[in-house]
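Below: one structure, written as structure tokens.
The values are calculated or read from the model by the stated rules, or taken from the named source; none is laboratory data. Only a predicted model underlies this, so the values are computations on that prediction, with no experimental measurement involved. Because the Cβ atoms are built from the backbone with ideal geometry, glycine has one as well, and the counts that use them run over all protein chains shown.
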Amino acid sequence: ESKYTPTGARSIRALLNRSAVFMLAAFALWNVDNVWCDRLRSLRVKFPVFGPWLQMHAWWHLLTMISGTHTIVATITAWCKQEGGKGHFKWQMNSICSGIIPWMTVESINKISETSTINKINKKKKKQ
């Protein structure tokens, strides 16, 4: 069996759901940082070993990056399902960090036909 599957390892809905969860968690931590910034700063001074874990603004950046990655991979997966279903592409869904960060490989398997979405868009641009 090929490592490339038409549906990928995760559905688009699952990717978007995970994206929403990571974004909500990031938003919650950002608000914790806004409300209790002074308290968190004093805890970082009092317990320096926990300092990196109490950097809520850093967690905001990390979690929004993971959320954005899920959204981008879901969008690419949807596009590949449309175009790949016509036999133009093959792709593989993967993840690192125990499934937290998705990534994918997309390859063209033949010359893109005249009826593909890409060619339709390019023809419209040339006419303008």
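Inside the stretch 10-42, residues that are among the aliphatic types (A, V, I, L, M), loosely packed, with under 15 Cβ neighbours inside 10 Å and at pLDDT below 90 make up a count of 1.
For the stretch 56-73, taking the residues that are under 14 Å from TRP30 (Cα atoms) and among the aliphatic types (A, V, I, L, M), the one that is modelled with the lowest pLDDT is identified as MET56.
Is it the case that some residue within the stretch 83-100 is modelled with pLDDT under 85, assigned to a helix (DSSP H, G or I) and not hydroxyl-bearing (Ser, Thr, Tyr)? For the stretch 83-100, residues modelled with pLDDT under 85, assigned to a helix (DSSP H, G or I) and not hydroxyl-bearing (Ser, Thr, Tyr): present. Within the stretch 32-82, the residues that satisfy the criterion of being part of a helix (DSSP H, G or I) and of a type in the set (S, T, N, Q) are ASN34, SER42, THR64, SER67, THR69, THR71, THR75, THR77, GLN82.
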